[in-house]
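**Q** Pasting a structure below so you can have a look.
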2 protein chains.
Amino acid sequence: MIATTPMAPYYAVIFTSVRTTIDEGYGDIAKEMIDLAAAQEGFLGVESARNEVGITVSYWQSLDAISNWKANTRHLLAQKRGRDLWYEQYKVRICKVERDYDFNLS
Amino acid sequence: MIATTPMAPYYAVIFTSVRTTIDEGYGDIAKEMIDLAAAQEGFLGVESARNEVGITVSYWQSLDAISNWKANTRHLLAQKRGRDLWYEQYKVRICKVERDYDFNLS
């Protein structure tokens, strides 16, 4: 649920989106993309939630790992389908995680 | 919904959380914290969604603005109440947004 990530620094991609009303293929391909991302070299974890807006944050070891994932053939197809069908708008932010801390109820 | 942010670089705080089943005061104070954050110097915007996990990303002009917000008196009280009542676990990640891009269906 909350991604287990290594000591900072590492990288995050914040993908914020607003969906259209078109569902055609969305669920299957969204799931496929999570599984495929998780199989990429340098992938560290992912967190996702959606209400009016959807937020998916994926974590990566390096900017190169992020570039490789962006250029993945299946992912490129999903990105195009996203723009054609599923998303009214989205924003992608590439970030360096400089520090982090957490809390766990014991 | 999707935060309108200036040209990178700027900063993001990714707050990922898992709630307890205790609601006592949560909704009111969550709303108050969003309004109060928005009134801080250096605040740029916020995005939020919750399913199994909640993700709130707030955007800031500088690390100083983030430190000031973390140390805000009302916010400190809310953080303590969060640990005592509302959150099973959470993770906070302080990030530098190095670049971004977006898509808008026209």
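**Q** Relative contact order for chain B using alpha-carbon pairs under 8 Å, separation at least 6, rounded to a whole percent?
**A** This gives 46 percent for chain B.
**Q** Shielding of A:2-9 by partners, i.e. mean partner chain Cβ atoms within 10 Å per residue?
**A** On the way: counts 11, 5, 1, 2, 0, 0, 3, 2.
Per-residue shielding by partner chains comes out at 3.
**Q** What spacing in nm lies between the two simple spin-label points modelled at B:Arg74 and A:Asp35, each 7 Å away from Cα in the Cβ direction?
**A** 4.7 nm
**Q** Here is a further query. Give me the inter-chain shielding for B:96-106: mean count of other chain Cβ atoms within 10 Å, whole number please. Don't skip to the end; give the middle numbers.
**A** Numbers: counts 6, 6, 6, 5, 7, 5, 7, 10, 7, 9, 1.
Mean shielding count: 6.
**Q** Given a 1.4 angstrom probe, I'd like the percentage of the accessible area of the protein assembly as shown that is carbon and sulfur, rounded to a whole number. Numbers along the way, then the final one.
**A** Numbers: 5770 of 11200 Å².
Ligands and nucleic acids excluded, carbon and sulfur give 51 percent.
**Q** Once amide H atoms are built 1.01 Å from N in the peptide plane, which residues 5 or more positions from B:Tyr87, or in another chain, come under 5 Å H to H?
**A** It is B:Thr20, by chain and number.
**Q** Oh, and also: Write down the radius of gyration of chain B and its Dmax, each obtained from C-alpha positions, in Å.
**A** In order Rg, Dmax, the Cα atoms of chain B give 14.3, 46 Å.
**Q** Summarise the partner chain shielding of A:83-92 as one whole number: the mean count of Cβ atoms from other chains within 10 Å of each residue's Cβ. Could you put the intermediate results ahead of the total?
**A** Details: counts 3, 1, 1, 0, 3, 5, 7, 6, 10, 5.
For this peptide, the per-residue mean of nearby foreign Cβ atoms is 4.
**Q** Mind listing the label-point distances from B:Leu63 to the same position on all other copies, shortest first, one decimal in nm, points 7 Å along Cα→Cβ?
**A** Label point to label point, same position, other copies: 1.8 nm.
**Q** Here's another thing I want to ask about it. What are the semi-axes of the equivalent ellipsoid of region A:14-63, taken as the square roots of 5 times the eigenvalues of the Cα gyration tensor, listed largest first and rounded to whole Å?
**A** 22, 14, 7
**Q** For the protein assembly as shown, what does the helix formula give at 222 nm: sum of -39500 (n - 2.57) over DSSP H segments with n ≥ 4, over the residue count, nearest 500 deg cm²/dmol? Walk me through the numbers before you get to the answer.
**A** On the way: 6 runs with 60 residues, N = 212.
One gets -8500 deg cm²/dmol as the mean residue ellipticity at 222 nm.
**Q** Would you check the accessible area of B:His75, probe 1.4 Å, heavy atoms only, in square angstrom rounded to 10?
**A** 30 Å²
**Q** Hey, if we sort A:Lys91, B:Lys70 by accessible area with the 1.4 Å probe, largest down, what's the order?
**A** Values: A:Lys91 20, B:Lys70 90 Å².
From most accessible down to least: B:Lys70, A:Lys91.
**Q** Sticking with this one: Quick check: net charge around B:Leu63, other residues with Cβ under 11 Å of its Cβ, Lys/Arg +1 and Asp/Glu -1? Before the final figure, lay out each step's value.
**A** Numbers: positive: A:Arg99, B:Lys70, B:Lys96; negative: A:Glu98, B:Asp64.
Counting the neighbours of B:Leu63, the net charge comes to +1.
**Q** GluC sites (Glu not before Pro), restricted to region B:1-69: which are DSSP loop and have at most 12 other Cβ atoms within 10 Å?
**A** Counting only loop positions with at most 12 other Cβ atoms within 10 Å, the GluC sites (Glu not before Pro) in region B:1-69 are B:Glu24, B:Glu41, B:Glu52.
**Q** May I pose another question? How much net charge surrounds B:Thr20 when only other residues with a Cβ under 14 Å from its Cβ are counted (Lys, Arg +1; Asp, Glu -1)? Provide the component values of the computation, followed by the final result.
**A** Values: positive: B:Arg19, B:Arg50, B:Arg81, B:Arg83; negative: B:Asp23, B:Glu24, B:Glu52, B:Asp84, B:Glu88.
So the environment of B:Thr20 carries a net charge of -1.
**Q** Under 29 Å between alpha carbons, and skipping anything fewer than 8 positions from B:Lys80 in its own chain: which lysines qualify?
**A** Qualifying lysines at Cα under 29 Å: A:Lys96, B:Lys31, B:Lys70, B:Lys91, B:Lys96.
**Q** Right, here's the next one. Interface B/A, total buried accessible area with a 1.4 Å probe, nearest 100 Å²?
**A** 4300 Å²
The values are calculated or read from the model by the stated rules, or taken from the named source; none is laboratory data. Bear in mind the structure is a predicted one, so any value in this text is a computation, not a measurement. For neighbour counting, all protein chains shown are included, and Cβ atoms are generated from backbone atoms with ideal geometry for every residue, glycine included. Surface accessibility is based on the protein's heavy atoms, side chains included, excluding ligands, DNA and RNA. Shrake-Rupley method; radii C 1.70, N 1.55, O 1.52, S 1.80 Å.
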